[in-house]
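Here the structure comes first, spelled out in structure tokens, and everything after it is commentary.
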Amino acid sequence: MNSRVLIGSALAVAFLAVGLLAGSVIGSGLAFAQTPPPNATAPSSPGSAQAAITQQQAEQAALAANPGATVDHTHLFQYNGTSAYDVDFSNGGGAIVDATTGKVIQSEAAGTDYHGGRGGFGQDQAALAAKATVTKDQAEKAALAASPGATVDHSRLGQDQDGTIFWDVDFSNGGGAVVNATTGAIIKTEAAGTDHGGPHGPPATKP
């Protein structure tokens with residue numbers, strides 16, 4: 001009787017020890033899996049490597065280099081292999097700012113910003129707005145109606161070689177639309193990734 005009790009007790013102790021050992025091993029494994037290695041780094045957010053300065057900082061640098069100018073819109077792009085901000089002014093001028101150092105790479109006087117617009121790029125927005133009968137909001141609504149699912153990045157007035165004033169509406173997906181600033185008619189639309197007449201591409205011609 002006593003020997004059976006002793007054997008049963010020994011077996012119970014052995015099972016308990018095995019259980020504790022297994023629990024310790026599993027707990028250590030979970031702790032190791034949940035604890036990142038010392039050299040691990042958090043993943044960077046999309047686009048964080050493209051620019052070290054913000055759009056606002058770039059605009060401030062551009063305005064400091066061009067007193068009296070006002071910002072129309074700003075776009076991040078690749079300039080000679082370097083990330084840069086193209087800051088367009090409402091007077092048709094602009095500046096290119098290094099997105100890493102914040103240094104102004106170049107400035108463009110009023111009416112000479114060849115990085116902006118379409119056809120009649122580098123033109124005074126106020127002068128064109130005085131001739132346009134279609135507002136920016138109306139043009140963007142027309143552009144979006146013609147391109148369902150798109151979202152507007154920015155819009156800018158231009159005038160082509162035959163005197164037609166238009167709204168160049170650029171979408172955030174790389175597409176866009178050209179809207180007649182007098183009639184509101186869609187002159188042309190461009191699918192995602194094909195807007196080569198936008199702020200950094202060659203001027204497009206009206207069909």
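The values are calculated or read from the model by the stated rules, or taken from the named source; none is laboratory data. None of the values given here were measured: they were computed from a predicted structure. Note that we place each Cβ from the backbone using ideal geometry, even for glycine, and neighbour counts take in every protein chain shown.
Remarks
- Residue count for the range 65-85, restricted to those that are in contact with a Leu (Cβ under 9 Å, 6 or more places away or on another chain) and either part of a loop (DSSP other than H, G, I, E, B) or crowded, with 22+ Cβ neighbours inside 10 Å (or both): 4
- Considering residues of the range 150-161 that are closer than 17 Å to LEU76 by Cβ and modelled with pLDDT under 90 only, the residue surrounded by the fewest Cβ atoms within 10 Å (Cβ to Cβ): ASP153
Listed here are the residues, each with its yes/no results for (1) more than 20 Å from GLY94 (Cβ to Cβ); (2) assigned by TED's automatic domain parsing to the domain that holds GLN138; (3) outside any loop (DSSP other than H, G, I, E, B); (4) modelled with pLDDT under 90.
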site	(1), (2), (3), (4)
GLY163	yes, yes, no, yes
TRP167	no, yes, yes, no
GLY174	yes, yes, no, yes
VAL178	yes, yes, yes, no
THR183	yes, yes, no, no
HIS196	no, no, no, yes
PRO199	no, no, no, yes
PRO202	no, no, no, yes
THR205	yes, no, no, yes
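- Test: residue in the range 121-129 that is in a helix (DSSP H, G or I) and either within 17 Å of GLY184 (Cα to Cα) or modelled with pLDDT of 85 or more (or both): yes
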